[in-house]
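Computed from the coordinates by the stated procedures, all read-outs in this text should not be read as laboratory data. For clarity, every value in this text was computed on a predicted model and none was experimentally measured. Every residue, glycine as well, gets a Cβ built from its backbone with ideal geometry; the counts of neighbours run over all protein chains shown.
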Amino acid sequence: MFKIIFSDIDGTLLNADRELSNFTIQTIKKLPQEVPFILISSRMPAAMRHLQESLGILHLPFISYNGGLIKVDNKTVHSTVIPINILEELIQFNANHQVHLSLFHDDEWYVPSDDFWAQREINNTKVQPEMKSNMDVYKLWDKESKGIHKIMAMGEEESVEKIYKYLEEKFPDDLHLYRSKPTYIEIAPKKISKLTAVEFLLKNHFNIPLEQSVAFGDNYNDVEMLQGVGMGVAVGNAKPEVLEVAHRVVASGKEDGVASTIVQLLKL
């Protein structure tokens, strides 16, 4: 019997309008109290709390930044960051490429300009960033001894490819590079993943064995998690590599694949 459910958000839990369907909301609200529903995403905390509120799970922990930040009772219990010196080198390299670098630390989100990429992310996440040049953010966070939970590099395919190759060659042991689209790179610390975050919460907060957990996902950053949990479920629109490793493939995210599977598994 499964005792806990983890779900990715974008591409997995949301409908075609990038929102929670009524069926999904009602299904999660019907879950027995002893089966927690945990959101796990590359999103920042502010882009997850409103979804938690809609689902009636604000009291539960959640996992941000692909496992880089874990919150319990809205307090940080685990945090892993990209060292600030890597940001400085990336900014210098990017001077010739002009790729949009969005910078994230906990609930701070800085964009270098209010451009197409910033607006796209605002639309997707319903969160407003602050505007500050990448170098100014670097100086601020260096002074405050902060690292970075996530960098999003967005831009023309050719320039993004150059950034990808540079980071891959320069920091192979430091960074996870997730490329869900040719125009995007999500940059995260190498030592964490969604699976490491799941394991941390299960051991330190819930005391539930990994084999009694279910997880839903659709993208490259979900692969380890789906392989590692008791039942890894890929929604039908998942990347081929994700479909390949999943224990089960269900309807797409836009067709309420997560909610309908929960109804079947738990006979709600």
Structure shown: which of Lys75/Lys267; Lys71/Lys150; Lys146/Lys191; Lys126/Lys191; Lys146/Lys194; Lys30/Lys71 lie over 25 Å apart, alpha-carbon to alpha-carbon?
-> Lys75/Lys267; Lys126/Lys191
Residue-count net charge about Asp136 - beta-carbon cut-off 14 Å; Lys, Arg +1, Asp, Glu -1 | -1
Loop trypsin sites (Lys or Arg not before Pro), segment 218-268 (other Cβ atoms within 10 Å of the site Cβ: 15 or fewer; DSSP) | Lys267
Taking a ≥ b ≥ c as the square roots of the Cα gyration tensor eigenvalues, with a/c under 1.5 meaning rounded and otherwise prolate when a/b beats b/c or oblate if not, segment 115-212 comes out prolate
Treating the Cα atoms of the chain as identical point scatterers in vacuum, please give the log10 of the normalised Debye intensity I(q)/I(0) at q = 0.13, 0.14, 0.16 Å⁻¹, two decimals.
-> -0.82, -0.95, -1.23
Whole-number value, in Å³ per residue, for the convex hull of the alpha carbons of segment 197-244 is 58
Please report, to one decimal in angstroms, the Kirkwood hydrodynamic radius of segment 142-268 built from all distinct Cα-Cα pairs.
-> 16.4
For segment 131-185, how big is Rg over Rh, using alpha carbon atoms and the Kirkwood form of Rh?
-> 1.01
Residue-wise HN-Hα coupling along segment 259-268, computed from phi with Karplus coefficients 6.51, -1.76, 1.60 (Hz; x: Gly, Pro) | 4, 5, 6, 4, 4, 5, 5, 9, 6, 6
In order over segment 162-170: 3J(HN,Hα) from phi, Karplus 6.51/-1.76/1.60, θ = phi - 60°, whole Hz, x for each Gly or Pro, gives 5, 4, 4, 4, 4, 5, 4, 7, 7
